[in-house]
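Colleague: Sharing a structure, written as structure tokens. Questions coming.
The values are calculated or read from the model by the stated rules, or taken from the named source; none is laboratory data. As the structure is a computational prediction, the values presented were derived from the model and not from experiment. Here Cβ is always computed from backbone atoms with ideal geometry, including for glycine, and neighbour counts include all displayed protein chains.
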Amino acid sequence: MAQFRLQILIDHSEERSEQAARELRRLRLRWSQEEQKKTQLEEYLYDYNLRLNQAALNGMSVNMMMDFRRFISKIELAISTQAEEIARCKQQWEAAEKIWQECEREVKAYKTLRTRHEQAELVKENRRDQKLLDEFAQNSHRRGLAEGHQFK
């Protein structure tokens, strides 16, 4: 069977697809880590709001209350910033997913071409074999006639 001339393209496209899959995993891990950071910040916010409420119930100075509010505002800002980072991570992951999907389509297309090539080569090989069998049978028949034998 003839060598598939596009095999190097299959190999190359498979490598690109594997690289894209690794990048996709890396970006998903980063996205997950950023979500965990946001969750942790939200837990801090909840905790400090509880502390503020408890301190307010027990009585607190205005300065202490303002310090709590400033710190809570910083946590809220950090949560907002973290939400933006999560959105960026999601966009990067989605872009990488499109690249990976395109690589997978390319691999599939090349493999389809290889399958068609292999099928065409098999048809050629079967025709060659059939031609040889037909020639052999024809030659055997001629030899038999030449020798005076008749086939039944």
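Colleague: Condition first: more than 48 Å from the chain's Cα centre (by Cα) and either closer than 30 Å to Ala95 by Cβ or of a type in the set (Val, Ile, Thr) (or both). Now tell me which residues in segment 31-63 satisfy that.
Modeller: Val62
Colleague: Right, here's the next one. Considering each residue of segment 1-44, count those that are touching a His at 6+ places or on another chain (Cβ under 9 Å) and in a helix (DSSP H, G or I), and give that number.
Modeller: Matching residues across segment 1-44 total 0.
Colleague: Do we find that Lys90 is of a type outside the set (Val, Ile, Thr) and in contact (Cβ under 8 Å) with a residue 40 or more places away in the chain in this structure?
Modeller: Yes: the conditions hold for Lys90.
Colleague: Ok, one more. For segment 42-60, check the following and say yes or no: at least one residue is free of Cβ contacts under 8 Å to residues at least 24 places away in the same chain, crowded, with 16+ Cβ neighbours inside 10 Å and not basic (Lys, Arg).
Modeller: Yes, segment 42-60 contains at least one residue that is free of Cβ contacts under 8 Å to residues at least 24 places away in the same chain, crowded, with 16+ Cβ neighbours inside 10 Å and not basic (Lys, Arg).
Colleague: What number goes with the only condition from (1) within 30 Å of Ala21 (Cα to Cα); (2) at pLDDT below 95; (3) charged (D, E, K, R) that Glu121 does not pass?
Modeller: Going through the list (1) within 30 Å of Ala21 (Cα to Cα); (2) at pLDDT below 95; (3) charged (D, E, K, R), Glu121 breaks only (1).
Colleague: Any idea which of Asp47, Asp67 is in a helix (DSSP H, G or I), over 30 Å from Ser32 (Cα atoms) and among the acidic types (Asp, Glu)?
Modeller: Asp67
Colleague: Under 6 Å between Cβ atoms, which residue pairs at least 6 apart in sequence (or on different chains) link something in segment 98-120 that is farther than 15 Å from Asp11 by Cα with a partner that is small (Gly, Ala, Ser)?
Modeller: Pairs found: Ile99/Ala20; Trp100/Ala20; Trp100/Ala21.
Colleague: Please tell me if Lys74 is modelled with pLDDT of 90 or more and within 30 Å of Ile10 (Cβ to Cβ).
Modeller: So Lys74 fails the test.
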